[in-house]
Amino acid sequence: MCLGIPGLLVERDGPDADIPSGLVEFAGMRRRVCLVCTPDAIPGDYVIVHAGVAISRLDPVEAARVLAFLDEIKENEGWEGERDALRR
């Protein structure tokens, strides 16, 4: 079983990068992730990240549903800010 977490792509490396990557924000924390599987992702898109790789793009409404579910099952430590950002 794998777990992919939704995050907001806030910055993408330039087109000259050997391996496409970018900064993805998770509840205020930013991590550099590989974007090779999501070549069309642009800043402002939500992506599902597994093991440091963005494996797919995600609709903002679906991202809100996933984050609400994590909140509901009390697996929300550090996720409150992300859910609030989706409401804006």
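Brief remarks on what is shown
- Note on Val36 and Glu11: their simple-model spin labels are 2.3 nm apart, each label 7 Å out from Cα toward Cβ.
- Phi-based couplings in Hz for segment 26-35 (Karplus 6.51, -1.76, 1.60; Gly and Pro marked x): 10, 6, x, 9, 10, 10, 7, 10, 7, 10
- Karplus-based coupling profile of segment 9-19, in residue order and whole Hz: 6, 9, 7, 10, 5, x, x, 8, 5, 4, 10, with θ = phi - 60° in 6.51 cos²θ - 1.76 cosθ + 1.60 and x standing for Gly or Pro.
Since every read-out is calculated from the coordinates, none of them should be taken as a lab result. Only a predicted model underlies this, so the values are computations on that prediction, with no experimental measurement involved. Quick reminder, even Gly has a Cβ in these numbers, built from the backbone with ideal geometry, and neighbours come from all protein chains shown.
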